[in-house]
Each structure stands twice: as structure tokens, then as C-alpha cells.
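Reviewing the structure listed below.
The values are calculated or read from the model by the stated rules, or taken from the named source; none is laboratory data. Keep in mind it's a predicted model, so treat the numbers as computed, not measured. Every residue, glycine among them, receives a Cβ derived from its backbone with ideal geometry; neighbour counts consider all protein chains shown. Side chains included, ligands, DNA and RNA excluded: accessible areas come from the protein's heavy atoms. Shrake-Rupley method; radii C 1.70, N 1.55, O 1.52, S 1.80 Å.
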Amino acid sequence: MKSRLGDKTRLVLVAMVVAAAFVGGIVLVDLIPATYRIQPKWVRFLFVSIGFVGYAMKAYWKLRKSLVFWSIFLGFLAIHLLGIGSFFYLGAGLPLLVFGPVCAVELMAMGFVIYWILGVGPASVRMNL
């Protein structure tokens with residue numbers, strides 16, 4: 001017995017999951033600082049940093065056995081944590097509308113360096129649902 005879903009049904013299901021994840025993220029960003037007395041800027045920094053690492057791992061999973069890839073990735077991660085982290089440590093942090101594009105520029109720069117040194121581009125990142 002196979003269940004076949006139409007494209008509209010899949011679209012509605014994916015939209016519901018994305019909306020639930022978005023609302024859950026907002027609730028976590030609100031609850032975590034209040035419960036554990038953490039400043040909200042650090043929760044924002046943590047979520048965006050996890051997204052940075054997750055996207056890079058998904059895009060370059062085929063290079064996971066390359067030592068050169070890991071040195072490039074860890075170098076960019078150190079720049080991310082120390083460079084952008086200093087904005088969060090010294091002040092109020094970056095607004096999300098600035099922080100998101102900055103992380104995108106970081107990922108593009110890392111992609112250029114990996115392509116320049118290893119000659120490998122990122123895999124297309126798709127959600128296979």
C-alpha cells in the first residue's frame with residue numbers, strides 16, 4: 001500500500017512544518033533567555049551560527065574527508081566566532097537583518113576559497129521531502 005501525495009498537499013505540509021519551526025524558534029528565543037538568564041543576543045548568535053555550520057556541512061559533505069577542506073572551514077568558523085562574536089560581546093550584537101547577509105557573505109567567501117584551492121563547488125542544497 002503506497003500513499004501518494006499531490007504537489008499541493010506536499011506544499012501545504014512543508015509550509016506547515018516551516019511555520020511550526022519558525023514559531024518554535026521564536027518561542028525558544030523568547031523562553032531560553034528568560035529561563036536561563038541569557039541575553040537574547042547570544043541566542044540569536046547561536047541559532048545563526050548553527051545555521052552557518054549546518055549549511056556549510058550540507059553543501060560540502062562530499063569533501064568531509066579532505067584535510068584541506070577542514071582547515072579552510074575551521075578557519076572561516078574561527079573568523080565567524082571571533083570576528084562577529086566580538087560585535088556581540090562588545091555591544092548589543094547585530095540585528096538579524098544585518099547578521100543574515102553577513103553570514104551569507106561569509107559562506108560565499110568560503111565557497112570561493114574552496115573552489116579556488118580544491119576546484120570543487122558546493123552541492124546544490126535541496127530539501128528532499
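Structural remarks
- Here the dipole of the chain is about 520 debye; that uses its Cα centre as origin and unit charges on the Cβ of Lys and Arg (positive) and Asp and Glu (negative).
- Histogram of C-alpha separations across the chain, 10 Å bin width, %: 10, 33, 29, 22, 6, 0
- Förster-model FRET efficiency, 22 Å R0, Lys58 and Arg10, C-beta, rounded to 0.05: 0.60
- For the chain, excluding the exposed loop sites themselves (trypsin sites (Lys or Arg not before Pro), DSSP loop, at most 13 other Cβ atoms within 10 Å), the longest remaining stretch covers 66-125.
- Per residue accessible area in Å² of the stretch 68-129, where ligands, DNA and RNA are left out and the probe is 1.4 Å: 66 Å²
- Using the Cβ-Cβ distance between Ile32 and Phe87 with R0 set to 25 Å, the FRET efficiency from 1/(1 + (r/R0)^6) comes to roughly 0.80.
- For the chain, the share of accessible area belonging to carbon and sulfur comes to 73 percent (1.4 Å probe, ligands and nucleic acids excluded).
- Gyration tensor (alpha-carbon) shape descriptor, the stretch 72-122, a/c threshold 1.5: oblate
- Potential lengthening of the chain between Phe47 and Val68 amounts to 4.9 nm, from the contour at 0.36 nm per residue minus the alpha-carbon distance.
- Per the Debye formula on identical point scatterers at the alpha carbon atoms of the stretch 15-78, with no solvent, log10 I(q)/I(0) at q = 0.17, 0.20, 0.27, 0.28 Å⁻¹ is -0.74, -0.85, -1.08, -1.12.
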